[in-house]
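Inspection log for the structure reproduced underneath, given as structure tokens.
Just so it is clear, none of the values below were taken in a lab; they were calculated from the coordinates. This is a predicted model, so every value here is computed, not measured. As a convention, Cβ positions derive from the backbone with ideal geometry for all residues, glycine included, and neighbour counts pool all protein chains shown.
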Amino acid sequence: MAEYAHRLDGIGSTIFAEMSALAVKTGSVNLGQGFPDEDGPDAVIEAAVAALRAGRNQYPPGHGTPELIDAVVAHQQRHYGISLERSQVVATTGATEAIAGALLGLVNPGDEVVVLEPYYDSYVAMIQMAGAVRRPVTLRAPDFRLDLDELAVAITPRTRLILLNTPHNPTGTVLTRTELDGVAALAQERDLLVVTDEVYEHLTFGAPHVPLASLPGMAERTLTISSAGKSFSVTGWKIGWASGPAWMVAAVEGAKNWLSYASGAPLQPAVAVALNEHDGFHRQLAVGLAAKMDLLCDGLEALGMTAYRPDGTYFATTDVSSYGYADGRAFCLALPEVAGVVAIPSQVFYDDLDEGRHLVRWAFCKKEQVIRDGLDRLGAVDLHAR
Ligand code: PMP
Ligand code: GLN
């Protein structure tokens, strides 16, 4: 009787929730789940307070509040030269709902979805809930580059769409123009849709982020997803958006109508203020994150791990095979007790276990002192399996 529907087989919980709960239970430094420990811009938070006080507390339009839609349109034009009509943007409850809406609204049961491996866990869950089949293309250590020949092989006559993610969680890869040109060529040759998750678009460390939708011939087949959480350090607000061809946006909205109908009324105008007036915030955030990435990677290397430095995002990956654990999950489950630190075993993001077995993801979107504390804790104990 107390049994989940098969739709949820293997996806009943998330590794992030599991590891954050472990961090709380053991009093560990949480370098696992990717959320910053400092808030976004004061003026943006004040804009949300003002919206709450101004009575923006009932259902907003399901499509999104006009200020936010206009701000996304202006953002895409200003940063990337992408021109959109209002009907080409829909507001969502975080990027998570945009991903859900895209897969439910664009993919039929039995269709294949090509996805970069390691993959963000919600892709797997939503591909499964849509009744579709995932076809991973692996980004391999040490560089985690996209192999276009492998991408070509993963595409079959049943492929409906390519689900891209750049900057990429968990590897930190920022796809180059050459890699994106290759994706674009294949998508056009094989007449595929592309959904691209660009939530870390502003968090890069020198490598330029290029939206796939800005490449020739791609605007008409690409749905771009982003959210305020990462760019403005408000991950708990869950305000995201999808943009692209009106019909693809309408497909997302068609599913969104029945998932949430509408998203946080007072937060949408505040995110509009963030997008319109606070580019400086994520510019500074990215500079700070680059320094924290080096701090963390230098520290982990000094402890004997091989660190793979990311081009963007909040995350760095290390190989922990030298410590003698069976795999990264065993290492991450022991770590809170042994050292009082939490990290994420990357193997949960892989079908090909041999590629991910000994990889561990560390988040560096934390105060410098927290990262130092985590490194001190790791350095104070013997990390080898006993
Ligand atoms: N995509 C990726 C790649 C992510 O890392 C995350 C989590 N931060 C999301 C989507 C979800 O974003 P949101 O919190 O806006 O739903
Ligand atoms: N995106 C965050 C991460 O990768 C977590 C989001 C979540 O917990 N669902 O750590």
>> Looking only at region 215-233, filter to residues that are assigned to a helix (DSSP H, G or I) and in contact with a strand residue (DSSP E or B) (Cβ under 9 Å, 6 or more places away or on another chain); which one of those is nearest to ligand 1 (Cβ to nearest atom)?
In response: Gly229
> Hey, among Leu285, Leu275, which residue is within 16 Å of ligand 2 (Cβ to nearest atom), closer than 26 Å to His75 by Cβ, under 19 Å from the mean Cα position of the chain (by Cα) and surrounded by 15 or more Cβ atoms within 10 Å (Cβ to Cβ)?
Replying inline: Leu285
> So Arg135 fits all but one of (1) crowded, with 18+ Cβ neighbours inside 10 Å; (2) more than 23 Å from Asp351 (Cα to Cα); what number is the exception?
Replying inline: (2)
> Of the conditions (1) under 20 Å from the mean Cα position of the chain (by Cα); (2) of a type in the set (Gly, Ala, Ser); (3) over 24 Å from Gly264 (Cβ atoms), Ala102 fails just one. Which one is it?
Replying inline: (3)
> Out of all the residues in region 302-316, is one or more in contact (Cβ under 8 Å) with a residue 60 or more places away in the chain and part of a helix (DSSP H, G or I)?
Replying inline: yes
>> Considering only region 138-157, I want to know if a residue exists there that is touching a His at 6+ places or on another chain (Cβ under 9 Å), closer than 28 Å to Ile69 by Cα and more than 15 Å from ligand 2 (Cβ to nearest atom).
In response: no
>> List pairs: first residue in region 2-18 and within 15 Å of Ser122 (Cβ to Cβ) and within 15 Å of ligand 1 (Cβ to nearest atom), second residue assigned to a loop (DSSP other than H, G, I, E, B) and not hydrophobic (A, V, I, L, M, F, W, C) anywhere in the structure, Cβ distance under 6 angstrom, at least six positions apart or on different chains.
In response: Phe16/Gln33
> Could we say that Asp39 is within 21 Å of the chain's Cα centre (by Cα) and either surrounded by fewer than 22 Cβ atoms within 10 Å (Cβ to Cβ) or assigned to a helix (DSSP H, G or I) (or both) here?
Replying inline: yes
>> For the list (1) within 16 Å of ligand 1 (Cβ to nearest atom); (2) surrounded by fewer than 19 Cβ atoms within 10 Å (Cβ to Cβ); (3) under 16 Å from His63 (Cβ atoms), I need the number of the one condition that Ser243 fails.
In response: (2)
> Out of all the residues in region 251-261, is one or more surrounded by fewer than 18 Cβ atoms within 10 Å (Cβ to Cβ) and under 26 Å from Asp39 (Cβ atoms)?
Replying inline: yes
